[in-house]
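Coordinate-derived values only; no laboratory data. If you're wondering where the values come from, they're calculated on a predicted model, not measured in any experiment. Please note: Cβ atoms are built from the backbone with ideal geometry, for glycine as well, and neighbour counts cover all protein chains shown.
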Amino acid sequence: MAWVTWRQHRSQGLGALGLLVALAVAAVLTHLPIGSAFDRDSLSACVPPAARTGCDLIVPHFEGQFGGLVTATRFLALLPLLAGVFVGAPLIARELEFGTYRFAWTQGVSRRRWLLSKTALLAAGIVVAAGVASLVVMWWRSPFDALEGRIGPNGFDVEGIVVPAYALFALALGVLAGLVFRRTVAAMTATLVAFAATRFLVSDFVRPHFMAPLHRVIAATAAGGAPGDWVLSNTLVDAGGRRITAGREDLAVLHAQQAGIDPHTYILTLGWRRVISYQPAGRFWTFQLLEAGLYAGLAVALVVVALWLVRRTPA
Amino acid sequence: MSTPPLVAQGLGKRFRRDWALRDLTLSIPKGAVVGLAGPNAAGKSTLLSLAAGMLAPSAGSISVLGGDPLASPEVLGEVGYVAQGAPLYRSFRVADTIEYARHTNSRWDREIAVELLTRIDSRAKVGTLSAGERARLALALALGKRPRLVLLDEPFASLDPLAARELLQLLMDGVAELGATVIVASHVVADIQRVCDHIVLLSSGCVRLEGDVEELLESHRLLTGPRRPLGAIRGVREVVRERYSGRQLTLLAITDGPIVDPSWTVDPVSLEELLLAYMAPERLPTPPTPERVPLRWHG
């Protein structure tokens, strides 16, 4: 089956290789100005916990200068989806659409073994490709990771071992969708929708609770959390610990202005504090492991369902 | 004698609400060359798909080479199945397709396949082959597996008569070498009558006629005589079809003895005629009964 898989998917393999090369070239080219700016402004001295004087000016300037590029790298989170849409979805759907399953599934290899071998070999290739992509992105993002951390979605979604896990999940999703919908385009659409929905649900509702978030109470007028942490919520509470609504805050500021007092001082005199709930930067790899495990587990479950279905599917 | 290569028992297949195949009980003898005949939508493809494990029966069971093709797909390694239209990967070269079969069949025999493909450029893409070449390639793939059972679904459908004859010859040569049992489905009787020694005629999902070709031809006779009300005829067990033309009556009948009535001309029947008679509705639209025929003074 290795030869068969290679023969049928080599163009996709070449496509993946081309994509990786393009990614690497783009990464090197865009990283040149970032690296030189980082060195020129000796930003390494601003990496927490070190804080040279002037960092509060240089770091925001640096981040602002390359903010657009960082935002662009967010789209790399879609890269694993390609494995599902262009490799997984057509795997069975194309055979069903063109009738070639009648050839493929009546050879000396049972369709279950056919599906298992193909999926396993493709999964191996995809893990390697996604791993390389992840390494490239990690290298590219290293200055930003150092300054602002990577446990937040900006870094977390495109770095580390979750990237291959997302790709595996997408692949399995595509394979199953192809088997269920039996049409390539329908399977691709279903893969896209299901992948996006799962990713959204996990990153917004599951990941923040992988471990109980930590809380930190700071002065009401201080800036957010420590750099590098993933801030989940940032709420203003009064002396009694009750949450202060935006309306109440506005009112307080208004009061202070009418009385000619500095709003900051006024709020401090009220005894208001800020409660920050966050996931510390140190949990990055634990979270990576948990999320990658979750997606890899989902992928295995989907493949098991597909293996069970493919035998029963009247073709 | 070993188990028959294909046994169906009460086999039925339903698509949504329509039965494509109903209560089919069948046993194909080992080594037979079976013509699976029947009009379009008779259930021929459905039967072959069930045999190749492409479909699951809705009722009854089918056993291929002693195993259930769905539950124990390993029997498919010894089944050479060519689906209708010979679906193959169009972007593959001929050589790639052969490699595919070699990698997925442990009993692969290169010689057989190569022999069948002598006049086909192995570097050509499958999509560019002519219908005849493609059918030949599909047959080579099926026979290269050294199958014990060959299932061909309308292999001649898109071929001109010459190519069809050539393909049939290749098939028979290959099969003779392998000693395999063959089932060829075709709605064109002429395609199969030259080679098959066993007939299964399907119509609307039911077996209309099944048996050894020679025995069938032996037991059926064409009786021609003047038009008359039909009673029992000595030597005739059952009338399959009656056809009136003018004042003449032609019966296709199953005989169980010599026809002694001299007013009947008795002729042997051809396989094509036999199959067509069984394919047609039970009784052809009966023309006006003899009594109502107006008397004519002349003739």
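How big is Rg to Rh over chain B, alpha-carbon atoms, Rh as the Kirkwood inverse-mean-distance radius?
Taking Rh as the inverse mean 1/r over Cα pairs, Rg/Rh reads 1.06.
To the nearest 10 degrees, how steeply does helix A:184-201 sit against the main Cα axis of chain A, on a 0 to 90 scale?
30
Which three extents, in angstrom, do the Cα atoms of the range A:1-136 have along their principal axes, listed largest first?
73, 24, 18
How many percent of DSSP beta bridges within chain B run antiparallel, rounded to 5?
Expressed as a percentage, antiparallel bridges in chain B total about 70.
Provide the per-residue ³J(HN,Hα) series for the range B:110-127, in order, calculated from phi with Karplus coefficients 6.51, -1.76, 1.60 and θ = phi - 60°, each as a whole number of Hz, with x at glycine and proline positions.
Values per residue, Gly and Pro as x: 5, 3, 4, 5, 4, 4, 6, 10, 4, 9, 10, 5, 6, 8, 5, 6, 4, x Hz.
Work out the length of the dipole vector of the protein assembly as shown about its Cα centre, built from +1 on the beta-carbon of each Lys and Arg and -1 on the beta-carbon of each Asp and Glu, and round it to the nearest 20 debye.
It comes to approximately 640 debye.
If the elastic network links every pair of Cα atoms under 10 Å, which of B:Leu276, B:Leu21, B:Leu36 fluctuates the most in the Gaussian network model of chain B?
B:Leu276
Peptides A:78-87, B:193-202: what's the order by average Cβ count within 10 Å, highest mean first?
Ranking, from highest mean packing down: A:78-87, B:193-202.
How far apart, in nanometres, would the label points at A:Val275 and A:Gln257 be if each is projected 7 angstrom from Cα along the Cα-to-Cβ direction?
2.9
Using only the alpha-carbon atoms, how far is helix B:161-178 inclined from the longest principal axis of chain B? Give it as 0 to 90 degrees, nearest 10.
Result, in degrees: 70.
Restricting attention to the range A:1-106, which trypsin sites (Lys or Arg not before Pro) occupy a DSSP loop and are surrounded by at most 14 other Cβ atoms within 10 Å?
Here the sparse-neighbourhood loop sites are A:Arg52.
So which trypsin sites (Lys or Arg not before Pro) in the range A:144-248 pass both tests, a DSSP loop state and at most 14 other Cβ atoms within 10 Å of the Cβ?
Passing both the DSSP loop test and the Cβ count: A:Arg242.
From Cα coordinates alone, what are the radius of gyration and Dmax values for chain A in angstrom?
24.9, 88
Round to a whole angstrom and tell me the spacing of the C-alpha centers of the range A:152-178 and the range B:179-244.
Measuring centre to centre over Cα atoms gives 63 Å.
So what's the protein assembly as shown giving for Cα Rg divided by 2.2 N^0.38 Å, two decimals?
1.49
Can you list residues whose amide H is under 5 Å from B:Leu11's amide H, if they're 5+ apart or on another chain and H is modeled 1.01 Å from N?
Long-range HN contacts for B:Leu11: B:Leu24, B:Thr25, B:Ser61.
How big is Rg to Rh over the range A:158-289, alpha-carbon atoms, Rh as the Kirkwood inverse-mean-distance radius?
When Rh is taken as the Kirkwood radius, the ratio is 1.22.
How far apart, in nm, are the 7 Å Cα→Cβ label points at B:Val195 and B:Glu166?
1.5
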